[in-house]
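For reference, the structure discussed in these notes is given below.
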Amino acid sequence: MTLGIVAALHEEIADLLAEMAPGAHVEHVGMRDYHVGTLHGHDCVIVLARVGKVAAAATTAALIHRFDVGEIVFTGVAGGLAHGLSVGDVVVADTLVQHDMDASPIFPRFEIPLLGRHAFDTETPLRDALAQAAREWLATDMADEVPASLRAQWHMHAPRVHVGQIASGDRFVSSAAEVTRLRDALPRTLAVEMEGAAVAQVCHEYGVPFAVMRTLSDAADDDAHVDFPRFLREVASHYSHGILRRFLLSRHA
Ligand code: ADE
């Protein structure tokens with residue numbers, strides 16, 4: 001079964017692309033490059049969706065129709081929303097919600113009109129395997145792959161893996177006030193980003209198993225616009241690459 005691997009930004013998949021086995025080829029569809037080949041022995045299509053829910057949904061639909069993928073993993077960074085989370089922690093989604101969907105009073109806030117639901121569940125075995133790969137990578141390889149100076153700068157002393165809700169919306173969240181509003185509206189949510197719940201909706205509609213993994217690059221607060229690009233540049237690719245390598249290798253066993 002072919003696995004689709006999707007990210008919003010180049011830094012999040014740069015090392016994965018470099019690691020594809022020789023013989024991979026690129027197909028250009030809808031202004032996106034789909035890298036078709038094998039990664040650690042698995043048939044994969046790796047694609048940069050670009051940012052936002054529409055970009056993610058269009059890319060997901062193409063992966064399903066055009067490339068016939070049987071499952072999809074989204075990897076990237078997110079802003080931490082829940083108390084007690086730290087930059088460098090990993091959040092693996094159990095459910096995803098679109099925090100900017102609001103057709104009230106016609107439909108309840110957050111509900112996707114005419115679909116009758118507001119939250120989408122990720123596939124349990126895929127999510128568990130990703131969370132396990134993330135735990136193992138953090139406990140073993142991370143210290144070798146992310147330089148100590150970077151870990152110190154980012155106060156990444158003992159990064160953890162959390163499994164819980166991720167909220168997506170077409171907005172970069174960068175103020176303490178908005179964090180408070182989102183926490184109040186969606187108290188279960190651990191992290192906020194801009195694509196996951198769109199991938200989730202399309203995968204739900206087509207019955208394709210999927211999972212979403214996010215490394216926290218910022219706290220979605222007033223410093224988020226500074227932390228996010230720096231983390232992306234310095235750290236993000238190590239995480240995606242290292243965790244997905246462990247994930248793919250574990251699937252051989
Ligand atoms: N991705 C990473 N950080 C984010 C934030 N603060 N808001 C939305 N998406 C993000």
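Data overview
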quantity	calculated
Spacing of the two label points (7 Å from each Cα toward its C-beta) at ARG151 and VAL51, in nm	3.0
Rounded to 5, percent antiparallel among DSSP beta bridges of the chain	40
Cβ-based net charge around HIS238, under 13 Å, with every Lys or Arg adding one and every Asp or Glu removing one	-4
Cα-centred dipole magnitude for segment 76-251, charges only on beta-carbon of K, R (+1) and D, E (-1), debye, nearest 20	320
Heavy-atom accessible area per residue - the chain, 1.4 Å, Å²	42
Surrounding net charge for GLY4, when Lys and Arg each add one and Asp and Glu each subtract one, Cβ distance under 11 Å	-2
Choice from PRO159, PRO209, PRO229 with maximal GNM fluctuation in the chain (Cα, 10 Å cutoff)	PRO229
Relative packing of 236-249, 24-37, 134-147, which averages over residues the other C-beta atoms within 10 Å, highest first	236-249, 134-147, 24-37
Dipole of the chain [Lys/Arg +1, Asp/Glu -1 at C-beta], most positive-end residue of PHE107, LEU3, ALA158	PHE107
Kirkwood-based Rg to Rh ratio, segment 42-186, C-alpha trace	0.98
Whole-number Å³ per residue for the convex hull built on Cα positions in the chain	116
With every protein chain in place, segment 1-103: carbon and sulfur % of accessible area (1.4 Å)	55
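The values are calculated or read from the model by the stated rules, or taken from the named source; none is laboratory data. Quantities reported herein were computed from a predicted structural model and do not represent experimental measurements. Counting neighbours? That spans all protein chains shown, and the Cβs are built from the backbone with ideal geometry, glycine included. We work out accessible area using only protein heavy atoms, side chains counted, and drop any ligands, DNA or RNA first. Shrake-Rupley method; radii C 1.70, N 1.55, O 1.52, S 1.80 Å.
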